[in-house]
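To start, the structure under review is shown below, and the notes come after it.
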Amino acid sequence: GIGVLAAVKEAGRDEFFMVGGAGSANAMRDIAADSGVLKATVTYSPTMAASAIKLARLIAQGKGLSDLVEQQVPQSITLTSETVTKDNAQKYLPLGFES
């Protein structure tokens, strides 16, 4: 996304909008400023990677999750992501990572 934005700016293109930025703080600041084609991104929980590793360990050990009725780790777990726009970028900026 960063490379695409750089190419868009270099080419002076502005006839479209872009959604992306992988939840980075830089993208959120650009979205809040509303000064380019980047108009939205999606948050990514900073705990996703850690949770994925812990779940993989549980699967490898043949264990389940102690608070669930199921005996095995579920095949799918959906984590919440929020859409970030210029209207709420400041709210989600602390969740962004520096890129």
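The values are calculated or read from the model by the stated rules, or taken from the named source; none is laboratory data. Quick caveat: nothing in here was measured; it's all calculated off a predicted structure. When we count neighbours, we look across all protein chains shown, and the Cβ atoms used for this are built from the backbone with ideal geometry, even at glycine. The protein model used for the area step is the full one, side chains on, heavy atoms only, and it has no ligands, DNA or RNA in it. Shrake-Rupley method; radii C 1.70, N 1.55, O 1.52, S 1.80 Å.
Remarks
- Helix-only mean residue ellipticity at 222 nm for the chain, each DSSP H run of n ≥ 4 adding -39500 (n - 2.57), per residue, nearest 500: -10500 deg cm²/dmol
- Lys pairs, the chain - Cα-Cα below 18 angstrom, 8 or more residues apart or on other chains: 4
- Charge tally around MET28: other residues with Cβ under 15 Å, Lys/Arg +1 each, Asp/Glu -1 each, net -1.
- Placing a pseudo-label 7 Å from each Cα along the Cα-to-Cβ vector at GLU15 and MET48 gives an inter-label distance of 3.3 nm.
- Surface per residue (accessible, 1.4 Å probe) for the chain, Å²: 71
- Phi angles of the stretch 54-65 translate, via the Karplus equation with coefficients 6.51, -1.76, 1.60 and θ = phi - 60°, into HN-Hα couplings of 5, 5, 4, 4, 4, 5, 4, 8, x, 9, x, 9 Hz per residue; Gly and Pro are given as x.
- Apportionment of accessible area to carbon and sulfur, the stretch 1-43, percent (1.4 Å): 58
- Karplus (6.51, -1.76, 1.60) ³J(HN,Hα), θ = phi - 60°, over the stretch 69-85, in Hz, Gly and Pro reported as x: 6, 4, 7, 10, 5, x, 5, 9, 10, 9, 9, 6, 10, 10, 7, 9, 10
- In loop segments of the stretch 57-99 as defined by DSSP, the GluC sites (Glu not before Pro) with at most 13 further C-beta atoms inside 10 Å of their C-beta are GLU70, GLU98.
- Exposed chymotrypsin sites (Phe, Trp or Tyr not before Pro) absent - longest run of the chain, DSSP non-H/G/I/E/B, at most 16 other C-beta within 10 Å: 18-99
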